[in-house]
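One structure below.
The values are calculated or read from the model by the stated rules, or taken from the named source; none is laboratory data. Predicted, not measured: the structure shown is a model, and the values here were computed from it. Cβ: placed from backbone, ideal geometry, glycine included. Neighbour counts: every protein chain shown. Surface accessibility is based on the protein's heavy atoms, side chains included, excluding ligands, DNA and RNA. Shrake-Rupley method; radii C 1.70, N 1.55, O 1.52, S 1.80 Å.
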Amino acid sequence: MTTRMKKPVRQSSGNVFTDLGLPHPEQELLKARLTLQIYRLIKERGLTQAEAGKILGIKQPHVSALMRNRSGTFSVERLMNFLTALGQDVK
């Protein structure tokens, strides 16, 4: 029988990126939230990735990456521009 070592449990800081020790955790959390909103809008409108790409001014593979929460290549500003293109008022 194998003995399992118990790992200590820590309470989350509220930002998974901070908890993982990643650089720029606040920026990464903001990008994740913006990407989620873009995803929701595309789904709510029933847009194909190609249609969404035309609205956002990007190619379908980049929309696919966004839909899989892969926003790493896009800046916060660019993600905010995508939301504006989708008719959202971004502050």
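If you roll a 1.4 Å probe over the chain with all protein chains in place, what percent of the accessible area is carbon or sulfur? Could you put the intermediate results ahead of the total?
Numbers: 3740 of 7050 Å².
Solvent-exposed carbon and sulfur of the chain make up 53 percent of the total.
Compute the length gained on full extension between L29 and K91: take 0.36 nm times their separation in residues and subtract their Cα-Cα distance, giving the result in nm to one decimal. Write down the numbers at each step before the final one.
Details: separation 62, 0.36 × 62 = 22.32 nm, distance 1.64 nm.
Between L29 and K91, full extension yields an extra 20.7 nm.
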* Structure fact -> Any aspartates and glutamates whose Cα falls less than 20 Å from that of K7, other than same-chain ones fewer than 8 residues away, would be D19
* To do: Would you mind telling me which residue in R78, R33, R45 has the biggest mean-square fluctuation in a Gaussian network model of the chain, where springs connect alpha carbons within a distance under 10 angstrom?
  => R45
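As a test of the formula, what do you get for the chain when each DSSP H run with n ≥ 4 contributes -39,500 (n - 2.57) and the sum is divided by the residue count, at 222 nm and rounded to the nearest 500 deg cm²/dmol?
Working: 5 runs with 51 residues, N = 91.
Calculated mean residue ellipticity at 222 nm is -16500 deg cm²/dmol.
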* **Accessible solvent surface per residue of segment 1-51, calculated while the other protein chains remain in place, 1.4 angstrom probe, Å²** => 89
* Along segment 64-73, what does the Karplus equation 6.51 cos²θ - 1.76 cosθ + 1.60 (θ = phi - 60°) give for ³J(HN,Hα), rounded to whole Hz, x for Gly and Pro? -> 4, 4, 4, 5, 9, 6, 10, 9, x, 7
* Within straight cross-link reach of K59, meaning Cα distance under 22 Å, which lysines are found once same-chain residues fewer than 8 apart are removed? -> K31, K43
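What relative contact order, as a whole-number percentage, does the chain give when Cα pairs under 8 Å and 6 or more residues apart are counted?
On the way: 62 pairs, mean separation 23.6, N = 91.
Relative contact order comes out at 26 percent.
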* Set of aspartates and glutamates near K54 by C-alpha distance (under 18 Å), chain-local residues within fewer than 8 positions excluded -> E44
* Assign unit charges at the C-beta atoms only (+1 for Lys and Arg, -1 for Asp and Glu), then state the dipole size of the chain relative to its Cα centre in Debye, rounded to the nearest 20. => 400
* Want the number for V16 to R70: 0.36 nm per residue separation, take away the alpha-carbon distance, what's left? -> 17.9 nm
